[in-house]
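So the structure is just underneath, and the comments pick up after that.
Each reported figure results from applying straightforward, stated rules to the coordinates on display, with no laboratory input. Small disclaimer: the values here were computed from a predicted structure and weren't measured. When we count neighbours, we look across all protein chains shown, and the Cβ atoms used for this are built from the backbone with ideal geometry, even at glycine.
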Amino acid sequence: MRRKISTKISTPNFYLLPSTSYLLPYFAPMSILRLENVTKKYKDHVAVDHISFEVERGTIFGMLGPNGAGKTSTIRIITTITGPDSGQVFFENEILNKTHPARMGYLPEERGLYKKMKVGDHLIYLARLKGLSATDAAERCKAMLHRFEALDWWNKKVEELSKGMQQKVQFIATIVHEPTLLILDEPFTGLDPINTHMIQDEIFRLKKSGVTIIFSTHRMEQVEEMCENIILINQGKNVLLGNVKEIRNTYKENLYEVGFKGTLPQNFNGGLELIRQSEHEAVFKIPDHDSPNHLLQYLMQNGCEIQSFHEILPSINQIFIRKVKGERYE
């Protein structure tokens, strides 16, 4: 005899499908943040023009675009500093409200430390604004300074630090309350290569721990290295949105670089096109749907010794230029 299952669920971890009597596990949606047709206008200037995107949990999401593209205006909406004129924002499956920034960490492009305060006092003050007790704030701030090899800054005034050191202090203040969403606007400005690497390592550590990170910059090569998914914004509009690897493969032009010994053939058949060459390297374009093996076979049959071979994928920066200006990137 089939036992009847009650539809009263005492735990939020499960839900009951209405068409069945089986209890199934509930998995939260993959996105932590979702924007739907968000628009923001300042007088006659449309800073954000019907932007829509989702940010998956536990990922590094790149927000790219030139200066003035609308990135910072979008971030200010996400952090509730300003509100959208139209459209909707959802954070952790709720309509965005003033309680949500407590679960976010925001490092703005324009830094905002009080120059006369001591580093330790300043970090504790900012941590307490995020809801930490004085004891917890002090413990976490000291632990973070130790991790960043900066514990001896505790009693120094902010104005005594270099710009790079101040940047590290502000980064610590951004993450000390353990946010679920971290928003970084040009986080590497003013940092030397060693400290840039240190901040990058911390970003990857946070991602591994489950923190979701939005990384906003006009330096597209940095985001290409760090992010799984990106949005390209230009003049307030979505220009491109998706997975970095998929985007680069979508816009590839069947270009291959060959390192060789010997002499290249004088004539090419079957649609092969020589784009450029130097003494021992050449770039070829092969026809759509053709196999790169045909190129290799043709070169070897004509006396070339192949020493290296790889496909040339366009960079995100090249793709952006192509999307905005209609230029090719051979």
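Over the chain, with a Gaussian network built from C-alpha contacts below 10 Å, which listed residue (152, 44, 121) shows the highest mean-square fluctuation?
Highest fluctuation of the listed residues: 44.
Determine the dipole magnitude for the chain: charges of +1 sit on the beta-carbon of Lys and Arg, -1 on that of Asp and Glu, nothing else is charged, the reference point is the Cα centre, and the result goes in debye to the nearest 20. Spell out each step's value before the answer.
On the way: 41 positive and 39 negative charges, 333 e Å.
With Lys and Arg at +1 and Asp and Glu at -1, about 1600 debye.
Rg to Rh for the chain: what is it, with Cα atoms only and Rh by Kirkwood? If you can, show how the numbers build up before the last one.
Working: Rg = 25.7 Å, Rh = 23.5 Å.
We get a ratio of 1.09 for the chain.
Starting from the amide H of residue 234, placed 1.01 Å from N in the peptide plane, find each other amide H under 5 Å away whose residue is 5 or more places distant or on another chain.
239
Taking H as built 1.01 Å from N, whose amide H comes closer than 5 Å to the amide H of residue 48, not counting residues under 5 places away?
Close amide H contacts, sequence-distant or interchain: 40.
Over all Cα pairs of segment 253-312, how is the pair count split among 5 Å bins, expressed in % and running from 0 up to the last occupied bin?
Per 5 Å bin, starting at zero, the Cα-Cα P(r) for segment 253-312 comes out as 4, 20, 36, 29, 10, 1 percent.
Under Stokes-Einstein, with the Kirkwood radius over Cα pairs standing in for Rh, what whole-number D in µm²/s applies to segment 177-254 at 37 °C and 0.692 mPa s?
Reported coefficient: 234 µm²/s.
Taking θ as phi - 60°, what are the ³J(HN,Hα) couplings along segment 148-162 by the Karplus curve (6.51, -1.76, 1.60), each to the nearest whole Hz, with x for Gly and Pro?
After applying 6.51 cos²θ - 1.76 cosθ + 1.60, I find 8, 6, 9, 5, 6, 7, 3, 9, 8, 6, 4, 5, 7, 8, 5 Hz.
Less than 11 Å Cβ to Cβ from residue 234, Lys/Arg counted +1 and Asp/Glu -1: what total charge do the surrounding residues give? Walk me through the numbers on the way to the answer.
Details: positive: 71, 237, 323, 325; negative: 49.
My count for the surroundings of residue 234 gives +3.
Ignoring everything except DSSP H segments at least 4 long, calculate the 222 nm mean residue ellipticity for the chain; use -39,500 (n - 2.57) per segment, divide by total residues, nearest 500. Show your work: numbers first, answer last.
Details: 9 runs with 96 residues, N = 330.
Result for the chain: -8500 deg cm²/dmol, rounded to the nearest 500.
Among 78, 194, which comes first, second and so on when ranked by fewest other beta-carbon atoms within 10 Å?
Working: 78 24, 194 8.
Ordered by Cβ neighbours within 10 Å, fewest first: 194, 78.
What are the ³J(HN,Hα) couplings of segment 218-235, residue after residue, when phi is run through the Karplus curve with 6.51, -1.76, 1.60 and θ = phi - 60°? Round to Hz, x for glycine and proline.
For segment 218-235, the Karplus curve yields 9, 8, 5, 5, 5, 5, 4, 6, 10, 9, 7, 10, 9, 10, 9, 10, 9, 6 Hz.
If you wrap a convex hull around the C-alpha atoms of segment 41-97 and split its volume per residue, what is the figure in Å³?
Values: hull volume 5.4 nm³, N = 57.
So the per-residue Cα hull volume is 94 Å³.
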